[in-house]
1. Considering Cα pairs under 8 angstrom that are at least six residues apart, work out the relative contact order of segment 2-109 and quote it in whole percent.
2. Run through all the Cα pairs of segment 2-109 and give the fraction in each 5 Å bin from 0, expressed as whole percent.
3. For the pair residue 3 and residue 86, how long in nm is the line joining their label points, each one 7 Å along Cα→Cβ?
4. Please rank 42, 18, 73, fewest neighbouring Cβ atoms within 10 Å first, as an exposure proxy.
């Protein structure tokens, strides 16, 4: 279950463990048959460091001065390989993470960074949207302008053709009476 904070002391850890009911052994299937596995209370950051979860799972060893994390998709407790924890020992059990509050601080600072990045990205997206809107408006105006110019040019061409055909027709009429006079 997703929670907003995790216990900071052993006493608080035990209280939350009792409320969660993690002390009840769970039956799980193993390769050699059925076995009882004790699920223990954990309050861990998720793999993206943007939330904390309370889960009842078997304890696991965390190695390499890393924070423990709960991978919600794989439903597994594991070391967070992306962030080094200077206050964490080289090897500790996952239920002792409350001793290393730096691991929870990563979630808090990551959430602030994420929200700041979201705001920045939204601003950038708005600027990009405004730019696209401006470009589309300019293209629409340009298209209308080109259309009006094309219509104007077409009308001029039609008028010139009409004017030149009238000139030719009227010139032929003037010449015909002259030719008719010579024949007589």
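Read-outs: derived from the displayed coordinates by stated rules, not from any lab. Computed from a predicted model, the values in this text were never measured in an experiment. Cβ atoms come from the backbone with ideal geometry, glycine included; neighbour counts cover every protein chain shown.
1. Details: 201 pairs, mean separation 26.8, N = 108.
Relative contact order here is 25 percent.
2. Values per bin, smallest distances first: 2, 13, 23, 25, 19, 10, 5, 2, 0.
3. Output for this residue pair reads 2.8 nm.
4. On the way: 42 27, 18 11, 73 7.
The most exposed by this proxy come first: 73, 18, 42.
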